[in-house]
């Protein structure tokens, strides 16, 4: 294995001139094609991710209803699903993007909480027996296993609903225009032509002979739309120009696809112990993925190209949020 | 059977002085206690209900996505569930309450569409095998029977999501404050301390020895909250005072309980042909209802008392929306 200094490190576009956490290495892969690794270099990113995770967890703790009344069981299930040790990647995106536009952290944290509960709802419903039928999620029994199917359906519904409640409350932003815009964009991103549409396509994917265009489309709906919302939300909160909103979405689109490709790679190459969920399911279920079509090395090369482009998109913001520039590259080496 | 002119007709509080559709009769019940009937008198109400139904159906037709793309199946299921010949009672409430405050009908129709798709989502999920396990709804196969469970879960999720999208779009109201307030109230009404909480309690009701207080509480959450939102939405759209919002909610609280008691009565006394859904299920599932506790005549008497109080609440608005005053009484005699 040969390590060599890269000339393509995305963060060169971000204007970080300190040199710290700038090094990047080309790692020879088995196929001979060099690939990038940032694992040992992006020391600041794991810290930033942990900070974001702590921030959103504190907000979620105060926002989610404490179990009470005859309906306590649904509150318990909402909390069980939410506090399951997730990566909090979408909250991290909201918080980081909001920094670009000088948004008060407390406001950004509320939007971060909203996107996290919405993401959590999608996991709870996707895990149901009639969907992906997963018993394990983030290393723990899924919500319908820990509780029961009925409670899981209701807890998912309640998490989806509270996401909009959080956004609409005046504490989220003093401008009702901003609050309405957040609600509208989240509903579009999560709806039948967004995340749910992607899930519908994915559920049928095993029965179809999808090519890479269809797979990219479905992933941009299924996982990409929430990433796009998360990044754009920073610009909405900052009452930034449409140009900024578009730029953040463009970044998120590429970054989201990197996330998905690396997720599919983990399904092929990793273990349940590392990922905290069942692996090898795509092949077992006959699901079309970019990894299946392009091969492991081809998919990895595509992810690297997208990661570089994502980081380059943020060049106009200089070094205002270096962790956003680093993230796509960081994802290339994730283990869970 | 003795018919006699009643002195208690609720609409006497509404200031309608024309005398038309004002007559009401006491109908002797088998137990000897007189009860009110408005069936043959409220000629205007069925017309108003049909008009509201047509208005909201036109709006729903234009708002719900036409089936398209690889995700077409979820769009089809959303439409299948929505266009199933429902009573459109909640849209009627929105449209009628909005009239009290001089709201433009096109705006009210959008809010009416939002509450109807939200109500429809709740039916789709409630019918699932892990919930009420109903094969029949409004005389047709339920969504998970006509499609499949996975599609029904996703279609329900999508209907819930689009409800908030509809409210947040600028076409609903030029004031973002109004749009945000609508989103917030709907999320509260539909959430884990509203409708979903009620459903959670109801799902456990068979296992508990509920008294009438608990049943009233659960019904006020499960069905009452959406009625409260529907009526209050008219005041929100009209940017009316808090006093008006409270008054409309108070009306809806009583009216909603009348609706629920008569629903439970139908479950005991009617047939599947008339109601378009399975009957006798409450007893079969050991569910506590006010009818089971108070008996048929006791429950009917309670419903009549509540119906009178609901209509009286609207006295301050004179004859601005006589159909709202008539509704609670009309419900006493519904057959489906």
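The numbers here are math on the coordinates, done by the rules we state, and not lab data. If you're wondering where the values come from, they're calculated on a predicted model, not measured in any experiment. All Cβ positions, even for glycine, are placed from backbone atoms using ideal geometry, and neighbour counts span all protein chains on display.
Brief remarks follow.
- A point 7 Å from Cα along Cα→Cβ stands in for residue A:72, and the other copies hold the same point at 5.0 nm, listed in rising order.
- Peptides A:116-123, A:166-173 ordered by packing proxy, namely the average of other Cβ atoms within 10 Å per residue, highest first: A:116-123, A:166-173.
- Taking the label point 7 Å along Cα→Cβ, residue B:242 and its counterparts in the other copies are spaced 3.9 nm apart, in ascending order.
- Were the residues from residue B:246 through residue B:148 laid out at 0.36 nm apart, the gain over their Cα-Cα distance would be 31.2 nm.
- Cβ-based exposure ranking for B:87, A:222, in which fewest neighbours within 10 Å come first: B:87, A:222
- Between residue A:335 and residue A:268, the C-beta separation translates, for a Förster distance of 22 Å, into a calculated FRET efficiency of about 0.95.
- Virtual spin-label span in nm between residue B:106 and residue B:66, 7 Å along Cα→Cβ: 2.1
- Protection-proxy order for peptides B:62-68, A:214-220, A:56-62, each taking the mean of Cβ atoms within 10 Å per residue, highest first: A:214-220, A:56-62, B:62-68
- Pairwise label distance in nanometres, residue B:44 with residue A:212, each label 7 Å out on the Cα-Cβ vector: 6.8
- Here B:165, A:76 are placed in order of increasing Cβ neighbour count within 10 Å, fewest first, which gives A:76, B:165.
- Cβ neighbours within 10 Å from other chains - mean over A:174-182: 5
- Burial ranking of peptide ranges B:252-258, A:109-115 (average Cβ count within 10 Å, highest at the top): A:109-115, B:252-258
- Counting Cβ atoms of other protein chains within 10 Å of each residue's Cβ and taking the mean over peptide B:67-79 gives 5.
- For residues of B:121-133, the mean tally of beta carbons on other chains within 10 Å: 3
- Cα gyration tensor, the stretch B:44-331 - rounded (a/c under 1.5), prolate or oblate: oblate
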